[in-house]
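Some notes on the structure that comes next.
The values are calculated or read from the model by the stated rules, or taken from the named source; none is laboratory data. These numbers come from a predicted model, not from an experiment. We place every Cβ from the backbone using ideal geometry, glycine too, and count neighbours over all the protein chains shown. Only protein heavy atoms, including side chains, enter the accessible area calculation; ligands, DNA and RNA are left aside. Shrake-Rupley method; radii C 1.70, N 1.55, O 1.52, S 1.80 Å.
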Amino acid sequence: MVYPRRFGIDSQIDTKLITDIQFYLDHAMNRASHSMFRRSRDSGLSFSQMVILRKLNWHGDASAGELSEFLEISKAALSQAVDKLADLGLVDRLESESDRRVKIHRITEKGRQLVADIHSERYDWLKEELEGLSPSEAELLSKAFELLSKERPDCAENGDSRKNPGERKH
């Protein structure tokens, strides 16, 4: 497989770099998904319900249409998922100020806490993974992620909001 030259890097190095990054990301995503599946099972929620909570936590309020489009499920299926989240006090349903027919979904403090608990598990795992790095290696990795984020407008645009969940732009 041949990859285009970027930043003056030989395509052979690009292949190794891509393979190495893909391997680590696969490992990290499997670990994160396992954590989310386990947490959703333990809390009696479906994976889709956990995804709804995460989306509302990170991106703010959303209509049923926005959520069903994001999850690629019908509005009826979304309604069932949100009913349980509302019954558990994890999500509030509000009327849109501009159109009373539209329901807006907002994560509650209890819902935020559940998402924070999941992210805390991931943070602890990632911290363990990175503890073996020297300060210069950690700085190098940080700069690499900054470079990758600049290549992704959605990451660069929302980068600061990692500090303030729920305040990301739509």
Practice problem: For segment 76-124, enumerate the residues that are at pLDDT below 90 and of a type in the set (S, T, Y). | Solution: S96, S98, S120, Y123
Exercise. Sort out which residues of segment 131-154 are open to solvent by less than 70 Å² (accessible area, probe 1.4 Å), part of a helix (DSSP H, G or I) and out of contact with any Cys (no Cβ under 7 Å at 6 or more places or on another chain), and write them in order of number.
Key: A138, L141, S142, A144
Practice problem: Mind listing just one residue for me: the one in segment 117-139 that is in contact (Cβ under 8 Å) with a residue 12 or more places away in the chain and of a type in the set (A, V, I, L, M) and, of those, farthest from M29 (Cα to Cα)? | Solution: I118
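Residue-wise test of (1) touching a residue at least 24 places away in the same chain (Cβ under 8 Å); (2) in a strand (DSSP E or B); (3) open to solvent by less than 30 Å² (accessible area, probe 1.4 Å); (4) at positive phi.
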{"site": "K16", "(1), (2), (3), (4)": "no, no, no, no"}
{"site": "I21", "(1), (2), (3), (4)": "no, no, no, no"}
{"site": "A32", "(1), (2), (3), (4)": "yes, no, yes, no"}
{"site": "R38", "(1), (2), (3), (4)": "no, no, no, no"}
{"site": "Q49", "(1), (2), (3), (4)": "yes, no, yes, no"}
{"site": "R54", "(1), (2), (3), (4)": "yes, no, no, no"}
{"site": "L67", "(1), (2), (3), (4)": "yes, no, yes, no"}
{"site": "A76", "(1), (2), (3), (4)": "no, no, no, no"}
Quiz item: Does A81 meet the test of being surrounded by 14 or more Cβ atoms within 10 Å (Cβ to Cβ) and of a type in the set (G, A, S)?
Solution: yes
Quiz item: Can you name the condition, by its number, that G89 falls short on among (1) part of a loop (DSSP other than H, G, I, E, B); (2) open to solvent by 50 Å² or more (accessible area, probe 1.4 Å); (3) among the small types (G, A, S)?
Solution: (2)
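Given the criteria surrounded by 15 or more Cβ atoms within 10 Å (Cβ to Cβ), part of a strand (DSSP E or B) and out of contact with any Cys (no Cβ under 6 Å at 6 or more places or on another chain), does I118 qualify?
no
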